[in-house]
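See structure below.
Computed from the coordinates by the stated procedures, all read-outs in this text should not be read as laboratory data. Treat the numbers as computed from the prediction; the structure is a model and nothing was measured. Note that we place each Cβ from the backbone using ideal geometry, even for glycine, and neighbour counts take in every protein chain shown.
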Amino acid sequence: MGTTVKQFGMTVNGEAVYTKNTLPVINPANEEVIAQVPHADQNDLNHTVNAAKAASPAWAARSAEERAAKLEAFADAFYEQRDELARLFTLEMGRPLKGSLQEVIGSSKSCKMIAGQRLENEILEETEQHFVEKSYTPLGVAGLIVPWNFPVTLAIWKIAPALLTGNTIVMKPSPNTPLTALFLGKIAKDIFPAGVVNVVTGGNELGAWMTEHPGIDKISFTGSTATGKKVMQGAADNLKRITLELGGNDAAIVLEDADPKKFVEPVFWAAFRNTAQICIASKRLYVHENIYDEFLAELVNYAKTVNVGDGMDSDTMIGPVQNNMQFEKVKDLIEDAKSSGATIVCGGDVEDKPGYFIPITIVDNPAEDSRVVQEEAFGPILPVLKYHDYEDVIQRANDSIYGLAGSVWGEDLTFAKSIADRLETGTVWINEAHILSPKFPFGGHKHSGIGVEHSREGLAEYTNTKVVMMRKKYFFYKRGGRL
């Protein structure tokens with residue numbers, strides 16, 4: 001069994017709930033089963049949704065200040081248990097323990113930041129005769145579907161705005177990383193009224209049942225574009241509100257004036273942070289031909305200083321790929337790059353040993369139409385591509401079905417901004433990457449999503465807009481009719 005963890009039940013209507021059938025949780029660093037978690041069926045989901053619906057009116061009736069206070073207490077509670085939460089995170093997800101702890105601490109801060117936000121009513125018109133006010137009302141029950149790559153952050157990014165705006169929630173984590181979500185549910189049930197926060201675990205079919213369930217009024221989903229399309233289809237019958245944060249094939253553009261020694265390290269981590277398992281990771285790196293050779297050499301040299309290993313080891317900087325399916329996909333991309341004749345200048349050889357470990361792999365100037373360039377790898381393989389003309393590189397960067405994020409790197413900030421303005425993505429960073437905050441709206445263009453998270457716009461995704469109009473004074477037509 002290896003390192004085991006304490007068992008947690010699902011949180012349903014304020015109680016810990018277990019099921020007859022269970023799902024194994026695999027440690028990606030050694031492929032050992034570390035826990036069994038509940039495997040909910042449709043009856044379990046129905047019971048959970050009914051509990052959330054029953055709790056909805058009372059929770060919606062509370063003031064925003066009361067709901068925010070509960071969220072702040074929740075943030076404090078899981079911060080106090082940050083070490084255990086981070087340990088579970090690393091065991092089930094694979095990220096180095098230091099990074100797991102940083103995510104837990106950052107998630108607590110984000111929860112409090114969101115708790116401090118408000119959707120204020122807005123007076124649209126006020127005259128002696130007429131008054132018009134816009135307000136925001138909760139949708140009811142929000143279904144939250146959380147992926148495995150950021151199991152705490154992305155849970156909190158959904159939990160906090162949904163609850164703050166007066167909705168009750170049914171949250172489903174990925175079956176690959178359910179432990180952190182169950183732990184959060186265990187903490188939440190002692191803070192929120194029964195039925196307000198519910199956490200259920202199960203296979204992929206559980207997510208499909210949620211999208212189709214008539215008792216769930218909203219789905220917030222983060223995951224692949226292919227699954228996002230299925231979510232949209234499943235939600236259509238009930239006209240369910242949806243927010244989809246989907247895949248990306250983000251381009252990073254290194255300008256001619258970029259000093260390789262200065263920019264290589266941040267560009268490397270823009271691509272390989274979290275074992276490159278980030279929707280907003282730089283997955284295509286375009287470097288100007290005049291600095292290409294030097295930049296590539298510096299990138300390879302830096303990559304060789306980065307330790308890949310078990311996230312529980314203190315010297316590990318990059319952990320394993322999280323699950324076997326993704327592991328096989330990345331291996332297949334590496335083999336395809338080799339068979340197509342591309343030059344691999346770093347990594348590329350996967351050892352036959354326990355754990356889903358892929359070495360940091362860098363491909364030298366592969367063809368633009370190759371799979372390693374066109375597909376979202378979601379693993380530690382990076383194509384580095386040469387360009388000469390800025391018009392050409394903008395066209396190549398935009399020639400994708402995706403439009404989640406991108407980055408530009410260089411010394412001339414005015415010129416860098418002119419490039420960033422022309423990239424067809426929801427977010428563009430200049431000389432930085434992966435900077436996200438509850439203060440800034442975040443969402444994708446094209447096939448990278450629908451709707452946004454964060455800021456007032458993100459809060460509004462969990463509400464209906466309501467307009468109330470009032471005639472303040474009556475007046476009479478000449479013929480005597482009163483309006």
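Points worth noting:
- Zone of Arg422's modelled label, taken as backbone nitrogen in the stretch 377-400 under 14 Å from a point 7 Å along Cα→Cβ: 388-399
- Taking the longest Cα principal axis of the chain as reference, the axis of helix 260-272 is set at about 60 degrees.
- By the helix-only formula, in which each DSSP H run with n ≥ 4 contributes -39500 (n - 2.57) and the sum is divided by residues, the chain has a 222 nm mean residue ellipticity of -11500 deg cm²/dmol.
- A convex hull fitted to the Cα coordinates of the chain yields 172 cubic angstrom per residue.
- Positive-end extreme of charge dipole, the stretch 59-202 - chosen from Ala188, Ala115, Leu163 (charges on Cβ): Ala188
- Alpha-carbon centroids, the stretch 304-345 and the stretch 195-239: separation in whole Å: 31 Å
- Prolate/oblate/rounded call for the stretch 283-363, Cα gyration tensor, a/c under 1.5 rounded: oblate
- Each Cα pair under 8 Å and six or more residues apart adds its sequence gap; the mean of these over the residue count of the stretch 250-430 is a relative contact order of 28 percent.
- DSSP bridge pairs, the stretch 329-483: antiparallel proportion in percent, nearest 5: 45 percent
- Ellipsoid equivalent to the stretch 342-417 - semi-axes via the Cα gyration tensor, in Å: 28, 14, 13
- The ranking of His39, His47, His130 by Cβ neighbour count inside 10 Å, starting from the fewest, reads His130, His47, His39.
- With bins 5 Å wide beginning at 0, the percent of Cα pairs of the stretch 220-339 falling in each bin runs 2, 9, 14, 17, 17, 14, 11, 7, 4, 3, 1, 0.
- Lys, Arg +1 and Asp, Glu -1 on Cβ, resulting dipole of the chain about Cα centre, debye, nearest 20: 2680 debye
- Note on Lys472: lysines with a C-alpha under 22 Å away, same-chain residues under 8 apart excluded, are Lys134.
- Dipole of the stretch 376-448, positive direction: furthest Cα of Asn398, Ile381, Gly443, with charges on the beta-carbon: Gly443
- Its Cα centre serving as origin, the stretch 250-430 has a Cβ charge dipole (Lys and Arg +1, Asp and Glu -1) of approximately 400 debye.
- Sites matching GluC sites (Glu not before Pro) across the stretch 270-358 that sit in DSSP coil, with at most 15 neighbouring C-beta atoms within 10 Å: Glu289, Glu351
- With eigenvalues of the C-alpha gyration tensor scaled by 5 and rooted, the stretch 2-104, Å: 29, 22, 9
- With both residues required to sit in the chain, DSSP beta bridges show an antiparallel share near 45%.
- Reach of Lys466 by Cα under 15 Å, taken over aspartates and glutamates that are not fewer than 8 positions away in the same chain: Glu120, Glu122, Glu125, Glu133
- Degrees separating the helix 225-236 axis from the principal Cα axis of the chain, which is the longest one: 20 degrees
- Available extension along the chain between Glu125 and Asp349 is 74.0 nm, counting 0.36 nm per residue and deducting the alpha carbon span.
- Our compactness index for the stretch 139-244, the C-alpha radius of gyration over the empirical 2.2 N^0.38 Å, is 0.97.
- Given charges at beta-carbon only (K, R positive; D, E negative), |dipole| of the stretch 1-96 in Debye: 180 debye
- Alpha-carbon centroid distance for the pair the stretch 16-42 / the stretch 385-411, whole angstrom: 42 Å
- Bridging of Lys172 to lysines at a Cα separation below 20 Å is possible for Lys6, Lys20, Lys53, Lys158, Lys186, Lys189, Lys218, Lys229, Lys230, Lys240, once same-chain residues fewer than 8 apart are set aside.
- Pairs of Lys residues in the stretch 250-430 that lie 8 or more places apart, or on two chains, and have C-alpha atoms under 29 angstrom apart add up to 29.
- One way to sum up the overall shape of the stretch 250-430 is the equivalent ellipsoid from its Cα gyration tensor, whose semi-axes run 26, 17, 16 Å, largest first.
- Rounded tilt (10° steps) of 179-188 against the dominant C-alpha axis of the chain: 30 degrees
- Charge-dipole axis of the stretch 265-366 as Lys and Arg at +1 and Asp and Glu at -1 on Cβ define it, positive-most pick from Gly347, Asn307, Gln326: Gln326
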